[in-house]
1. Lysine pairs, Cα distance under 22 Å, 8 or more residues apart or cross-chain: how many in the stretch 31-114?
2. Express in % the proportion of alpha carbon pairs of the stretch 31-114 at distances exceeding 20 Å.
3. Sort the following peptides by mean Cβ neighbour count (other Cβ atoms within 10 Å, averaged over residues), highest first: 33-40, 107-114, 60-67.
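Throughout, read-outs are computed from the coordinates displayed, never taken from laboratory work. Note that this is a predicted model, so its numbers are computed, not measured. Every residue, glycine as well, gets a Cβ built from its backbone with ideal geometry; the counts of neighbours run over all protein chains shown.
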Amino acid sequence: MKRSSFLIASLVAGIVAYSAGAAASSESVETGEKLYNSTCVACHGANGKGKLPGVPDFTKSDGRLSKDNEVLVTHIMEGFKSPGSSMAMPAKGGISSLTKEQAGAIVQYMRQAFSGK
Ligand code: HEC
């Protein structure tokens, strides 16, 4: 009796932990989308193709989104300028309070929204 209620309790705890994890990951893409649309969109555009000269097209399959998450997060946080580029990516993209986790969420959103389109 004792043993089976322990089993049920751990099963319930497992399900709760699992659904919390799933909710957290979908929320982070949503957070990424909101943040992207707050400032990044001004230069990168709602379709990710870039609205100004010198802004890269994120939808190209061999483009910027083919870099690793870690590299992209670092370039968002610290800013980035390719050799010979006419315009630089500003550090944190204009969101002064941006955290690495939020930058990661934006990268996740960009991959979902722009990759292969
Ligand atoms: C003032 C315009 C501007 C804003 C605002 C801006 N970007 Fe950029 N971004 C650029 C430009 C220009 C580049 C290309 C720089 C280069 O390669 O020299 C770039 C490049 C990037 C790259 C590719 C970096 C790489 O490694 O190739 C990512 C990812 C990126 N931006 C994400 C963001 C995110 C996320 C935001 C919002 C938090 C944002 N950008 C806001 C102009 C902007």
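1. 19
2. Values: 719 of 3486 pairs.
The proportion of pairs with Cα distances above 20 Å equals 21 percent.
3. Working: 33-40: 16.4, 107-114: 18.6, 60-67: 13.2.
Taking the mean over residues of other Cβ atoms within 10 Å, the ranking is 107-114, 33-40, 60-67.
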